[in-house]
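Participant: Have a look at this one before I ask anything.
The values are calculated or read from the model by the stated rules, or taken from the named source; none is laboratory data. It should be emphasised that the depicted structure is a prediction, and the values quoted were computed from it without experimental measurement. Positions of Cβ are generated from backbone atoms using ideal geometry, with glycine treated the same way; all protein chains shown enter the neighbour counts. For accessibility, only protein heavy atoms count, side chains too; no ligands or nucleic acids. Shrake-Rupley method; radii C 1.70, N 1.55, O 1.52, S 1.80 Å.
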Amino acid sequence: MKNDTAVKNNSAKNSAVEREAMFGVLPVKKAERLYGFMDAFLVLSGYCIATWSYTQGSYLATLVGFKQLLIGAFLGAILMLVIYQLPVILSVRFGIDIWVWLRSALGPVGVLVMTLAIIVINYPWYAVCADLFASSMANLANLAGIGLPPASHVLLGIFCVALGTFIAYKGLSAITWTTRILVPLLLLVGVFVVIVGFSSVPFDYIMSYRPKTPFKNNIIPYIMSVEANFAFVITLVGGMAEIPRVAKTERGGYWAGVLGQGLSGSFFVVVGAVMAIAMQYTCGKMIDDPTLMLATLASPLLALCSLLLVAFANIGTQAVGAYIYGVMLRSAFRKIGYNTHIVILALYGILLCIWGKVVDYFGAFLTVSACIYAPLAAVLFADFFFVRRQKIDLRAAYGMKGHEGVYRFTKGVNLVGMAAVVFGVAVSLAIYNPVTCDVHIPFLFYLTPTGASFLATMIFYTGLSFVPPIKKYMAGKNPVLSA
């Protein structure tokens, strides 16, 4: 009996340790890694494939011609991802969240502040998901001859948030099986949608499409489109390590992120653009709701099947997003459980659904998000490769006994790292006002606000690390910086 009790206790402890690894506090050991390349690719593709991709595609179609859009969507996204996803390697190598590494670059209090800022700025993405899910369901009801009252839009949005949160609550196993089934079907739907779009209007019309823009200089809308692509992918930086850190190999974790977001996500952006252009040709108005697009351009049965998959893609994205940001919060606020965090996130998403204005400010929302993300990604990149050179005191990062003060810096804040983030935000806003769309520094605007901010922050942060007193400060009390 004693042996049985001991075995049960050990099993319970092992289960608790594994849960803590998967949900945000402990490093994930190599033996506990869940994902090969394909599973990580599918989960991250599921994270990116939502009807917000159609919104992005429709937005890009208001800026540039289809050929420019095609090049920018794929090359712009993959170029940014290949560079800024490199620190994902550290997450796979150590089995840690990037937010653990960032404790050495920003300090524990600095990470907490940035985590909250990222949640406030970026979680509205999931309100976009919920809003588009609600629109999709309303259009499906109309196709079936059922008229829904206006109040149903908010209720359907809340339903999307609740169902995605429930899947996230069940953990990675539920998310994995959801994406294994959903993502391949969605990719097939994407192919079907492209065929519908190109068969609904003359091929030459789409290929030669150019929007009417108010800009006198044609290069400005093109740069804005590249900026939108950079911003679209870089806003994923906050949670970019949560899935790769449970990948079995560094190569698999890195390329799953680059290709899952760069190919799958960009493909659906292009799909959205094709459908928006086709709707403008057919109806005289550019529309970004895929359910309305398919209902107009496809046969009723095919449209219905595709619409259901497209609509429910938002729930899969909601689930992966809730998991990712729940782990982020768990890492910053260790005394609060993962389940509590995802409930808090759900409440925030519900409030945004009730407000209902996120989609109206989509373009500004993208660039404002990137204002924070670009310098944060740059600090992480520079710290990993040029400052700490892939070395970190993990005991100090986790605040273990005897190592608590190593990365405390100035009352828990690394002033150098935080100053670099503020500097990067200032550079971005100095170049371009995302609310009024005014360009202040044209020659830097050619680098895009996100690209310029990323480069400037990286140079600023790395340059400071060569100043001896600052280098000593950045190292903490137990230096691991290379000489």
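Participant: Kindly check whether there is at least one residue in the range 454-468 that is more than 19 Å from residue 389 (Cα to Cα) and of a type in the set (A, V, I, L, M, F, W, C).
Facilitator: Initially, the range 454-468 is screened for residues more than 19 Å from residue 389 (Cα to Cα), giving 456.
After this cut, where a residue has to be of a type in the set (A, V, I, L, M, F, W, C) as well, the list is 456.
Taking every residue of the range 454-468 in turn, at least one turns out to be more than 19 Å from residue 389 (Cα to Cα) and of a type in the set (A, V, I, L, M, F, W, C).
Participant: Might you let me know whether the range 141-159 holds any residue that is open to solvent by less than 70 Å² (accessible area, probe 1.4 Å), out of contact with any Leu (no Cβ under 8 Å at 6 or more places or on another chain) and within 28 Å of residue 38 (Cβ to Cβ)?
Facilitator: no
Participant: Also, I was wondering about something else. Of all the helices (runs of 4 or more DSSP H) wholly in the range 309-423, which have at least 2 residues that are out of contact with any Leu (no Cβ under 6 Å at 6 or more places or on another chain), within 16 Å of residue 157 (Cα to Cα) and open to solvent by less than 40 Å² (accessible area, probe 1.4 Å)? Full working, then the answer.
Facilitator: Working: elements: 338-355, 362-382, 394-397.
The qualifying helices (runs of 4 or more DSSP H) are 338-355.
Participant: Would you tally the residues in the range 446-473 being of a type outside the set (A, V, I, L, M), surrounded by 19 or more Cβ atoms within 10 Å (Cβ to Cβ) and within 17 Å of residue 228 (Cβ to Cβ)?
Facilitator: Total satisfying the criteria: 6.
Participant: Here's a follow-up. With the requirement that a residue be surrounded by fewer than 23 Cβ atoms within 10 Å (Cβ to Cβ) and not in a loop (DSSP other than H, G, I, E, B), what does the range 85-106 give you?
Facilitator: Hits for the range 85-106 are 89, 93, 94.
Participant: Within the set of pairs 6+ apart or on separate chains, which have a first residue in the range 425-443 that is within 17 Å of residue 361 (Cβ to Cβ), a second that is loosely packed, with under 13 Cβ neighbours inside 10 Å, and C-beta atoms under 8 Å apart?
Facilitator: That search, which allows pairs on different chains as well, returns 432/438; 432/440; 433/440.
Participant: Filter the range 428-455 for residues that are over 22 Å from the mean Cα position of the chain (by Cα) and in a helix (DSSP H, G or I); which is farthest from residue 381 (Cα to Cα)?
Facilitator: If we take residues in the range 428-455 being over 22 Å from the mean Cα position of the chain (by Cα) and in a helix (DSSP H, G or I), then 442 is farthest from residue 381 (Cα to Cα).
Participant: Yes or no: residue 65 on the phi > 0 side of the Ramachandran plot and surrounded by fewer than 24 Cβ atoms within 10 Å (Cβ to Cβ)?
Facilitator: Numbers: on the phi > 0 side of the Ramachandran plot: no; surrounded by fewer than 24 Cβ atoms within 10 Å (Cβ to Cβ): yes.
Taking the combined requirement at face value, the residue does not satisfy it.
Participant: State yes or no: is residue 117 modelled with pLDDT under 90, surrounded by fewer than 23 Cβ atoms within 10 Å (Cβ to Cβ), more than 21 Å from the chain's Cα centre (by Cα) and part of a helix (DSSP H, G or I)? Please lay out each step first, then the result.
Facilitator: Working: modelled with pLDDT under 90: yes; surrounded by fewer than 23 Cβ atoms within 10 Å (Cβ to Cβ): yes; more than 21 Å from the chain's Cα centre (by Cα): no; part of a helix (DSSP H, G or I): yes.
So residue 117 does not fit the description; no.
Participant: Scan the range 206-215 and tell me whether some residue there is in a helix (DSSP H, G or I), more than 30 Å from residue 373 (Cα to Cα) and either touching a residue at least 60 places away in the same chain (Cβ under 8 Å) or among the small types (Gly, Ala, Ser) (or both). Before you say what the answer is, go through the steps one by one.
Facilitator: The initial filter retains those residues of the range 206-215 that are in a helix (DSSP H, G or I), namely 206-207.
Add one more test, that the residue is more than 30 Å from residue 373 (Cα to Cα), and what stays is 206-207.
In the following step, the residues that additionally are either touching a residue at least 60 places away in the same chain (Cβ under 8 Å) or among the small types (Gly, Ala, Ser) (or both) were identified as 206-207.
Scanning the range 206-215, I find at least one residue that is in a helix (DSSP H, G or I), more than 30 Å from residue 373 (Cα to Cα) and either touching a residue at least 60 places away in the same chain (Cβ under 8 Å) or among the small types (Gly, Ala, Ser) (or both), so the answer is yes.
Participant: I've got another one for you. Only one of these is surrounded by fewer than 20 Cβ atoms within 10 Å (Cβ to Cβ) and in contact with a helix residue (DSSP H, G or I) (Cβ under 8 Å, 6 or more places away or on another chain): 60, 70, 42, 75. Name it.
Facilitator: Working: 60 fails: surrounded by fewer than 20 Cβ atoms within 10 Å (Cβ to Cβ); 42 fails: surrounded by fewer than 20 Cβ atoms within 10 Å (Cβ to Cβ); 75 fails: in contact with a helix residue (DSSP H, G or I) (Cβ under 8 Å, 6 or more places away or on another chain).
Matching residue, one of 60, 70, 42, 75: 70.
Participant: Pull up the range 249-266, narrow it to residues that are within 16 Å of the chain's Cα centre (by Cα) and open to solvent by 10 Å² or more (accessible area, probe 1.4 Å), then point me to the one that is farthest from residue 187 (Cα to Cα). Can you show your working first?
Facilitator: So the first thing to find is which residues in the range 249-266 are within 16 Å of the chain's Cα centre (by Cα), and the list is 253-266.
When the remaining residues are screened for being open to solvent by 10 Å² or more (accessible area, probe 1.4 Å), the result is 254-255, 259, 263.
On the way: 254: 21, 255: 18, 259: 14, 263: 11 Å.
Restricting to residues being within 16 Å of the chain's Cα centre (by Cα) and open to solvent by 10 Å² or more (accessible area, probe 1.4 Å), the top hit is 254.
Participant: A further question on this structure: Could you check how many residues of the range 272-287 are part of a loop (DSSP other than H, G, I, E, B) and in contact with a helix residue (DSSP H, G or I) (Cβ under 9 Å, 6 or more places away or on another chain)? Steps first, answer last, please.
Facilitator: Taking the range 272-287 as the starting set, the residues that turn out to be part of a loop (DSSP other than H, G, I, E, B) are 284-287.
Add one more test, that the residue is in contact with a helix residue (DSSP H, G or I) (Cβ under 9 Å, 6 or more places away or on another chain), and what stays is 285-287.
The number of residues fulfilling the criteria is 3.
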